[in-house]
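The values are calculated or read from the model by the stated rules, or taken from the named source; none is laboratory data. Everything numeric in this text was worked out from a predicted model, so none of it was measured. All Cβ positions, even for glycine, are placed from backbone atoms using ideal geometry, and neighbour counts span all protein chains on display. SASA here: full protein model, heavy atoms, side chains in, ligands and nucleic acids out. Shrake-Rupley method; radii C 1.70, N 1.55, O 1.52, S 1.80 Å.
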Amino acid sequence: MHLTKAILMLEDGTSYKGWSFNPPNTSSQGEVVFNTSMTGYQEICTDPSYSGQIMTFTYPEIGNTGINFEDSESKKIHIKGVILKNFSQYGYNWRQENSLVNYLCENNILTIVDIDTRTLVKHLRECG
């Protein structure tokens, strides 16, 4: 997997530098929201209530259990993007059918990693 430099730019001009495994010059727009769950990232990604939003996962490492096709909330991913601190390139669960990284790439979901999600969430809470 090749990571490229990426920037998360908020409407108020605040920016966060990170890395992405998407093709260079890929962009997305949407409302940046956050979720503090320790588990359930697959369900969050496929939950229609998050449609069109860019999801920040505050738990420090996401992807450990991979993806299985029984736990989805719907048949497709509804979020437009994912913001993470760290990700597990490989999932380790007997039910895994795909890794989170492959799942997001296969569905063209913009992903930015190595973001200080705690700082980002504090900014979102204070500034909207």
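Net charge near Ser51, counting Lys/Arg +1 and Asp/Glu -1 over other residues with Cβ under 12 Å of its Cβ? The partial results should precede the final answer.
Details: positive: Lys76, Lys80; negative: Glu31, Asp47, Glu73.
Net of charged neighbours comes to -1.
Hey, what do the phi angles of region 70-80 turn into as Karplus ³J(HN,Hα) couplings, whole Hz, using 6.51/-1.76/1.60 and θ = phi - 60°, x for Gly and Pro?
8, 9, 6, 7, 8, 7, 9, 7, 9, 6, 8
Over the chain, what is the relative contact order in whole percent, taking alpha-carbon pairs under 8 Å and six or more residues apart?
26 percent
Sequence-distant or interchain residues sharing an amide H contact under 5 Å with Lys80, placed H: which?
Gly52, Gln53, Ile54, Met55
Go through 77-87, 49-59 and give me the packing order, highest mean Cβ count within 10 Å leading.
77-87, 49-59
Kindly provide the helix-only [θ] at 222 nm of the chain, computed as the sum of -39,500 (n - 2.57) over DSSP H runs of four or more divided by all residues, to the nearest 500 deg cm²/dmol?
On the way: 3 runs with 23 residues, N = 128.
Only helices count here, giving -4500 deg cm²/dmol.
Rounded, prolate or oblate: which one fits region 19-127, using the alpha carbon gyration tensor with axes a ≥ b ≥ c (rounded when a/c is under 1.5, else prolate when a/b beats b/c, else oblate)?
In terms of gyration-tensor shape, rounded.
Magnitude of the Cβ-charge dipole of the chain, K/R +1 and D/E -1, about the Cα centre, nearest 20 debye?
Charge dipole, the chain, about its Cα centre: 260 debye, nearest 20.
Pull out a ≥ b ≥ c, the square roots of the eigenvalues of the alpha-carbon gyration tensor of region 47-100, then state rounded if a/c is under 1.5, prolate if not and a/b is larger than b/c, and oblate in the remaining case.
Working: a/c = 2.62, a/b = 1.17, b/c = 2.24.
Oblate, since a/c reaches 1.5 and b/c is not below a/b.
For the cross-link pairs Lys5/Lys80; Lys17/Lys75; Lys17/Lys122; Lys85/Lys122, which exceed 24 Å when the distance is taken from alpha carbon to alpha carbon? Each step should come with its number before you reach the end.
Working: Lys5/Lys80 19 Å; Lys17/Lys75 32 Å; Lys17/Lys122 16 Å; Lys85/Lys122 14 Å.
Check vs 24 Å cut-off fails for Lys17/Lys75.
Could you tell me whether region 1-82 comes out rounded, prolate or oblate from its Cα gyration tensor? Rule is a ≥ b ≥ c as square roots of the eigenvalues, rounded for a/c under 1.5, then prolate if a/b exceeds b/c, otherwise oblate. Can you show the working numbers first?
Numbers: a/c = 1.72, a/b = 1.45, b/c = 1.18.
Verdict is prolate for region 1-82.
If we count every other residue with Cβ under 11 angstrom of Asp114's Cβ, Lys/Arg +1 and Asp/Glu -1, where does the sum land? Let's see the in-between values first.
Working: positive: Lys5, Lys17, Lys85; negative: Asp116.
Neighbourhood net charge equals +2.
How much of Cys127 can a 1.4 Å solvent probe reach, expressed as accessible area in Å² and rounded to 10?
80 Å²
Which aspartates and glutamates does Lys76 reach when only Cα atoms under 16 Å apart count, and residues fewer than 8 places away in its own chain are ignored?
Here the aspartates and glutamates satisfying the reach criterion relative to Lys76 are Glu43, Asp47, Glu97, Glu106.
How far is helix 117-127 tilted off the main Cα axis of the chain, in degrees rounded to 10, range 0 to 90?
Computed tilt is about 50 degrees.
Could you grab the relative contact order for region 1-46? Cα pairs under 8 Å, six or more apart, rounded to a whole percent. Please report the intermediate quantities before stating the final value.
Numbers: 31 pairs, mean separation 13.4, N = 46.
So the answer I get is 29 percent.
Using r as the Cβ-Cβ distance of Leu10 and Thr36, and R0 as 22 Å, what FRET efficiency do you calculate, to the nearest 0.05?
Step by step, r from the Cβ atoms, then E = 0.70.
Can you find, among Ser51, Gly66, Gln89, the residue sitting farthest towards the positive end of the charge dipole of the chain, where Lys and Arg contribute +1 and Asp and Glu -1 at Cβ?
Projecting each Cα onto the dipole axis, the largest value belongs to Gln89.
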